[in-house]
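A.B. asks: The structure's right below; bear with me while I get my questions together.
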Amino acid sequence: MPKVALVMGSLSDFKSLEGCIKLLKKFKVETEVRVISAHRTPEQAAEFAKSAEERGIEVILAAAGKAAHLAGVLASMTALPVIGIPMNSSTMDGLDSLLSTVQMPTGIPVATVAINGGGNAALLAVQMLSIKYPELRAAMKEYRAQQTQEVVERDKEAMEMAEKL
């Protein structure tokens, strides 16, 4: 079974990441959810990253705000792919988190999604995992087809609403 870790720097991020967790569950991806701070619990962050692969984790999602070094710290200690989720948790509307997450030195890549982009992080993880798990690729194609159908239905509704005006 595919396995992803979702690590957040603070429990206050959990509410914003519920959609991410629900999407991973929808795709039947086992998810280990943790709160680990790159700054307040650096030893735990190091141990988590170094032991992730042996625990069966295949992709790490790292959500953090403000200085947002969590994704980079984890990526520096594992060869697993890390997807950074910058969180909107400051007076800069998350721009500081985005820049902290995306500005990685050469040799330590972190894929980065939009501010509070947990849903896209989950989908990107599923796409990465689909290289190994063909059933995830099929599920992703079905998910995309369902999205398309929903937009087609909203289009029809909009045209009908406009005709009634």
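A.B. asks: Tally up the carbon and sulfur contribution to the accessible surface of the chain as a whole percent, 1.4 Å probe, everything protein left in place.
C.D. replies: Details: 5200 of 9300 Å².
Carbon with sulfur: 56 percent of the solvent-accessible area.
A.B. asks: May I ask you to evaluate 6.51 cos²θ - 1.76 cosθ + 1.60, the Karplus curve with θ = phi - 60°, for each residue of region 58-70 and list the ³J(HN,Hα) values in order in whole Hz, giving x for glycine and proline?
C.D. replies: Whole-Hz 3J(HN,Hα) from phi for region 58-70: 10, 9, 10, 9, 10, 10, 7, x, 6, 5, 6, 8, 4.
A.B. asks: Out of 150, 142, 53, any idea which swings most in a Gaussian network model of the chain, alpha carbons joined below 10 Å?
C.D. replies: Looking only at 150, 142, 53, the biggest GNM fluctuation is shown by 150.
A.B. asks: Any chance you could run the full-extension gain for residue 149 through residue 55? It's 0.36 nm times the residue separation minus the Cα-Cα distance, nm to one decimal. Spell out each step's value before the answer.
C.D. replies: Working: separation 94, 0.36 × 94 = 33.84 nm, distance 3.82 nm.
Stretched fully, the residue 149-residue 55 segment lengthens by 30.0 nm.
A.B. asks: Find out how many positive minus negative residues lie around residue 12, taking Lys and Arg as positive, Asp and Glu as negative, among other residues whose Cβ is under 14 Å from that of residue 12.
C.D. replies: +1
A.B. asks: Mean separation of Cα pairs under 8 Å and 6+ residues apart, divided by the residue count of region 1-158: what relative contact order is that in percent?
C.D. replies: 22 percent.
A.B. asks: Amide H of residue 87: which non-local residues (sequence gap of 5 or more, or other chain) have their own amide H closer than 5 Å, using H built in the peptide plane?
C.D. replies: HN-HN under 5 Å from residue 87: 64, 65, 66, 116.
A.B. asks: Further, regarding this structure: Gaussian network model of the chain, Cα springs within a sub-10 Å range: biggest mean-square fluctuation belongs to which of 118, 19, 72?
C.D. replies: Greatest mean-square fluctuation among the candidates belongs to 19.
A.B. asks: Could you work out the percent of alpha carbon pairs in the chain separated by over 26 Å, rounded to a whole number?
C.D. replies: Values: 4264 of 13530 pairs.
That tail contains 32 percent of the Cα-Cα pairs.
A.B. asks: List every residue whose amide H lies under 5 Å from the amide H of residue 33, counting only residues 5 or more places away in sequence or on a different chain, with H placed 1.01 Å from N in the peptide plane.
C.D. replies: 6
A.B. asks: Given a 1.4 Å probe and heavy atoms of the protein chains only, how would you sort 15, 164, 66, largest accessible area at the top? Could the numbers behind the result be given before it?
C.D. replies: Values: 15 150, 164 170, 66 120 Å².
Reading off the accessible areas and sorting them downward yields 164, 15, 66.
A.B. asks: Given points 7 Å out from each Cα along the Cα-Cβ axis, report the residue 162 to residue 114 separation in nanometres with one decimal.
C.D. replies: 2.3 nm
The values are calculated or read from the model by the stated rules, or taken from the named source; none is laboratory data. None of these values were measured; they are calculated from a predicted model. With ideal geometry, Cβ positions are generated from the backbone for all residues, glycine too; neighbour counts draw on all protein chains shown. In case anyone asks, the SASA skips ligands and DNA or RNA and just uses the protein heavy atoms, side chains included. Shrake-Rupley method; radii C 1.70, N 1.55, O 1.52, S 1.80 Å.
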